[in-house]
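**Student:** Here it is: the structure, laid out below.
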Amino acid sequence: MEISQNQKNDVTVVALAGRFDAQSAGNAEETLKKVLEADGTKILIDMSQVEYISSAGLRVLLSTAKKLAGVSGKLVLCGLKPYVREVFEVAGFTSIFMILPDEAQGLQAF
Amino acid sequence: MAPEQKAHSIELKTELAALEQVFVFLEEACAALGLPLATQRALELSADEAVTNVINYSYEPGQPGPLRLSLGLEGGEATLIIEDQGKPFDEKDVPAPDLDASLEERPVGGLGVFLMHRMMDRVERSRRDGVNRLVMVKKI
């Protein structure tokens, strides 16, 4: 999976691309951890290029959201492909995450 | 044609890199069996969760062991069988996730087994002669 990161005002946008599975979850978790350690409390994860997600990917998102909630931060997701959204729905994740259609709308949510 | 002749199989070593081989295998086997994309997606996620569990929990860390996958089609049902020779696994040890829990209350993890059951029509586990056998069936 490819991971890129850029800063839009006080929001850190982390864009993921590829398969978000057990093999790539470690790298994604590490990137998000570094953002948190650098006092980034507003994170937008752009999922528009994520083709697949397993429970390993869901676990990283959930643990990041929990850590951010603990420091009064905020995590927003955007651009879920239909298949990824389906897995979110099955896992009951659509009700615990703020999910917006694209990056522009995601940035407005902060 | 006997069902055996329709089965596709692959032998792997339990390392995270094996996940890629699992996807390539399933893509090819699903195409060869003419399975619909929705069935392939369900099989991919279930196989991913099952294989990840075997890699992480069945064998001792840093000591990969053998893993065998086979996919067959019979009577409108796709059957994926995953076998390993690691530790016994009991699904009862994995608590079911509370899907209505709030973010704060939601425990991290425990979703893999749940997703497998939701994606498949049947999930059966057995153990014989030191081999864990997981049979997952999806109606097409």
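**Student:** Among the residues of region A:39-65, count how many are part of a helix (DSSP H, G or I) and within 12 Å of the chain's Cα centre (by Cα). Can you show your working first?
**Tutor:** Going through region A:39-65, the residues part of a helix (DSSP H, G or I) turn out to be A:55-65.
From what's left, within 12 Å of the chain's Cα centre (by Cα): A:57-65.
Number satisfying all stated conditions: 9.
**Student:** Let me ask you something else. Give B:72, B:86, B:76 a once-over and let me know the one that is surrounded by fewer than 15 Cβ atoms within 10 Å (Cβ to Cβ) and either in contact with a Lys or Arg (Cβ under 8 Å, 6 or more places away or on another chain) or within 22 Å of residue B:20 (Cβ to Cβ) (or both).
**Tutor:** B:76
**Student:** Does residue B:37 satisfy the condition of being at the interface with chain A (Cβ under 9 Å from one of its Cβ atoms) and among the hydrophobic types (A, V, I, L, M, F, W, C)?
**Tutor:** In short, no.
**Student:** What number of residues within region B:110-140 are in contact with an Asp or Glu (Cβ under 7 Å, 6 or more places away or on another chain) and either in a helix (DSSP H, G or I) or closer than 19 Å to residue A:25 by Cα (or both)?
**Tutor:** The total comes to 4.
**Student:** Going residue by residue through region B:64-75, is there one that turns out to be basic (Lys, Arg) and in a strand (DSSP E or B)?
**Tutor:** Yes, region B:64-75 contains at least one residue that is basic (Lys, Arg) and in a strand (DSSP E or B).
**Student:** Here are A:32, A:77: which of them is in contact with an Asp or Glu (Cβ under 9 Å, 6 or more places away or on another chain), more than 9 Å from chain B (Cβ to nearest Cβ) and not in a loop (DSSP other than H, G, I, E, B)?
**Tutor:** Result of the check over A:32, A:77: A:77.
**Student:** Which is assigned to a loop (DSSP other than H, G, I, E, B), surrounded by fewer than 18 Cβ atoms within 10 Å (Cβ to Cβ) and either in contact with a Pro (Cβ under 7 Å, 6 or more places away or on another chain) or within 14 Å of chain A (Cβ to nearest Cβ) (or both), of B:107, B:97?
**Tutor:** One residue alone meets the criteria, B:107.
**Student:** Restricting attention to region A:47-74, which residues are surrounded by fewer than 17 Cβ atoms within 10 Å (Cβ to Cβ), among the aliphatic types (A, V, I, L, M) and more than 10 Å from chain B (Cβ to nearest Cβ)?
**Tutor:** Scanning region A:47-74 gives a single hit, A:71.
**Student:** Just checking, which of A:74, A:34 is basic (Lys, Arg), farther than 23 Å from residue B:114 by Cβ and over 13 Å from the mean Cα position of the chain (by Cα)?
**Tutor:** Numbers: A:74 fails: over 13 Å from the mean Cα position of the chain (by Cα).
So the residue among A:74, A:34 that is basic (Lys, Arg), farther than 23 Å from residue B:114 by Cβ and over 13 Å from the mean Cα position of the chain (by Cα) is A:34.
Each reported figure results from applying straightforward, stated rules to the coordinates on display, with no laboratory input. Just so it is clear, the structure is predicted and the values come from calculations on it, not from any experiment. With ideal geometry, Cβ positions are generated from the backbone for all residues, glycine too; neighbour counts draw on all protein chains shown.
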